[in-house]
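Engineer: Please see the structure below; I have some questions.
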Amino acid sequence: MSDYIGPLPVPTPDTKPFWDAARRHELTLPRCRPCGSFFFFPRSVCPRCLSADIEWQQVSGRGTLHTFTVVHRGAKGFPLGTPYVIAIVELAEGPRMMTNLVDAEPDPAKLPIGMPVEVVFRDVSREVTLPHFRPAGGGA
């Protein structure tokens with residue numbers, strides 16, 4: 001286990017499959033059977049066609065950096081050390097996901113929009129594994 005002291009997710013019935021897969025170091029997304037769309041965040045109906053016929057499917061874990069911000073001064077009482085990068089990653093399967101960008105310089109000049117990224121998993125407790133993204137190939 002790690003020395004992580006940040007906030008932990010509390011799975012709901014809609015998000016439990018996502019967190020269970022993350023514990024196995026797999027990135028899964030809900031996919032609508034009728035229209036074929038992947039979507040994120042997990043919910044009980046497809047945001048495209050409103051079907052409730054949803055399945056969970058493992059995805060590639062690859063994407064591109066869509067946008068980001070570097071946090072130099074964290075919120076009062078927030079336990080993560082600064083600086084850190086909060087990013088929106090556009091997954092190869094289409095959806096965008098908010099995440100932390102790790103193993104990268106927190107220097108905007110070294111984080112080009114469109115940069116290829118890949119998922120990595122951090123076991124932060126016996127029950128919780130967090131998916132993060134890093135520059136593809138292991139580092140910036």
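The values are calculated or read from the model by the stated rules, or taken from the named source; none is laboratory data. Values in this document were obtained by computation on a predicted structure and should not be read as measured data. Keep in mind that these areas ignore ligands, DNA and RNA; they rest on the heavy atoms of the full protein, side chains included. Shrake-Rupley method; radii C 1.70, N 1.55, O 1.52, S 1.80 Å.
Engineer: Between segment 55-134 and segment 23-43, what is the separation of their alpha carbon centroids in Å?
Structural biologist: If we compute the Cα centre of each part, the gap is 18 Å.
Engineer: Keeping all protein chains in place, calculate the accessible area per residue for the chain (probe 1.4 angstrom), answer in Å².
Structural biologist: Accessible area per residue: 57 Å².
Engineer: Which Rg and Dmax, in Å, describe the Cα atoms of segment 13-106?
Structural biologist: Both quantities, over Cα of segment 13-106: 15.3, 45 Å.
Engineer: Whenever you get a sec, compute what percent of the accessible area on segment 28-140 sits on carbon and sulfur atoms (1.4 Å probe). Show your work: numbers first, answer last.
Structural biologist: Values: 3090 of 6200 Å².
Carbon and sulfur atoms account for 50 percent of the accessible area of segment 28-140.
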